[in-house]
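The values are calculated or read from the model by the stated rules, or taken from the named source; none is laboratory data. It should be emphasised that the depicted structure is a prediction, and the values quoted were computed from it without experimental measurement. Every residue, glycine as well, gets a Cβ built from its backbone with ideal geometry; the counts of neighbours run over all protein chains shown. All accessible areas refer to the heavy atoms of the entire protein, side chains included, with ligands and DNA or RNA removed. Shrake-Rupley method; radii C 1.70, N 1.55, O 1.52, S 1.80 Å.
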Amino acid sequence: MNPRVLWSLAGVGLLSCAGLAWLGLSQQGATQSVSGSAEATVETRLPPQVGALGRLEPEGEVLRIAGPPGERLGELLVAEGDRVVAGQVLARLESYAERLAERAYAAAQLQEARARLQAETRFSQAQIQEARTRLSRLDEPQQMQIRSQEAVVERLRAELADAEANLVRFQELWQEGAISQQELDQRRLLVRQRQEDLRAAEATLSQLRLARERDLLNAQAQVQAAEAGLSLAQAQVQLGSLARNLELAEARLERTLIRAPRSGQVLKIHTRPGEVISAGEGILELGNTDQMMVVAEVYETDILRVRPGQRATISNRALAEALQGWVERVGLQIGKKDVLNTDPAADVDARVVEVYIRLDPESSARVAGLTNLQVDVAIDVEG
């Protein structure tokens, strides 16, 4: 072939390759331009709903009712599906009978002590009353004797004063010579007799008073001894320690009773009578199924668009029609997903925020028995 022809064909080939390369670059630039324009459109026009996976659960979450790990369950008083009220006894531990007997024994001890105290109190009060009666009976006649003797003393004092006055008058008459020395001596003798009688009466009065004081002290000492006997009997009974012992027995008995912390429905029973309570499962699960909630796991990239009060639609293949509710609150922490999608390509490590959706009363009643059902959630973030 002619060399000139070969060089011509080679030049045409190079030009063709250069044209194709330029066309490819032009198409790639156009594609990137279209893609950038689409991304800008997505950024400026967000969808009106935020979608998420979620699960159904009773209001306040499901409570796992447990007991002391390692204890054996003695009696179960409820069944799955039963509705209970706060404080209701759900189960008894195996040690309930033993603790009940301990409480009965402590109560009997306290009752016996109270009966003994009442008997001791009645006996001591009778002794006190007897001592006081003896005191009053002793004091009344002595006071009468003292008052009588005081009257004698007053009478003798008056007679002495009269005799002394007459003696003065008779001395004046004797000095005037109107009476004899014998008559004056008789008046002096009478005064001395009155003085002796008064001293004897006053001595008797003092003896009566001293005897009364002595007898009163003895009687009062008997009253105080009886009162001290009552205090001693009350101290020996030790009601306080027995009452504390009963309180301790009641507290131990109460620990063998498993009570409902709040009203709700028994969802599942994990431990049967005779089985040992495990720390992981507990005895049963309890939930307030009267009001069902949806816990939606919203991606962290969408959470700023969600706020309380927004309406939400909840769906699942098992539901004949969608459920309705509204966002009650938005969680405060970002964590990993708990509800996993069945799509094998789904991102299981995605970061999400839990959003709590309160179902409308009609929707809540329809799914009261579907705790932990996985659902699809669509939250209306516009309007």
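Looking for something charged (D, E, K, R), surrounded by fewer than 16 Cβ atoms within 10 Å (Cβ to Cβ) and in contact (Cβ under 8 Å) with a residue 40 or more places away in the chain - is there at least one such residue anywhere in the range 149-160?
yes
Within the range 215-271, track down each residue that is among the aliphatic types (A, V, I, L, M) and without any contact (Cβ under 8 Å) to a residue 40 or more places away in the chain.
Of everything in the range 215-271, those that are among the aliphatic types (A, V, I, L, M) and without any contact (Cβ under 8 Å) to a residue 40 or more places away in the chain turn out to be LEU217, ALA221, ALA228, LEU232, ALA235, ALA251.
Which residue out of GLN222, GLN181 is open to solvent by less than 90 Å² (accessible area, probe 1.4 Å), of a type in the set (S, T, N, Q) and at pLDDT below 80?
Step by step, each of GLN222, GLN181 is checked, and only GLN222 is open to solvent by less than 90 Å² (accessible area, probe 1.4 Å), of a type in the set (S, T, N, Q) and at pLDDT below 80.
Does any residue in the range 78-105 that is farther than 16 Å from ARG259 by Cβ come within less than 8 Å, Cβ to Cβ, of a residue that is assigned to a helix (DSSP H, G or I) and not hydrophobic (A, V, I, L, M, F, W, C) six or more places away or on a different chain, and which pairs are these?
Close Cβ pairs (under 8 Å, with a partner that is assigned to a helix (DSSP H, G or I) and not hydrophobic (A, V, I, L, M, F, W, C)) amount to GLU102/ARG252; ARG103/GLU250; ARG103/ARG252.
Mind checking which residues of the range 245-294 are closer than 30 Å to GLU362 by Cβ and open to solvent by 40 Å² or more (accessible area, probe 1.4 Å)?
PRO261, ARG262, SER263, LEU267, LYS268, ASP290
Going through ARG114, ARG92, ARG122 one at a time, which residue ends up being under 36 Å from the mean Cα position of the chain (by Cα) and modelled with pLDDT under 95?
On inspection, the qualifying residue turns out to be ARG114.
Only one of these conditions is not met by ARG137: (1) more than 30 Å from ASP215 (Cα to Cα); (2) in a helix (DSSP H, G or I). Which number is it?
(1)
Any chance the range 348-366 includes a residue that's at pLDDT below 90 and open to solvent by 40 Å² or more (accessible area, probe 1.4 Å)?
yes
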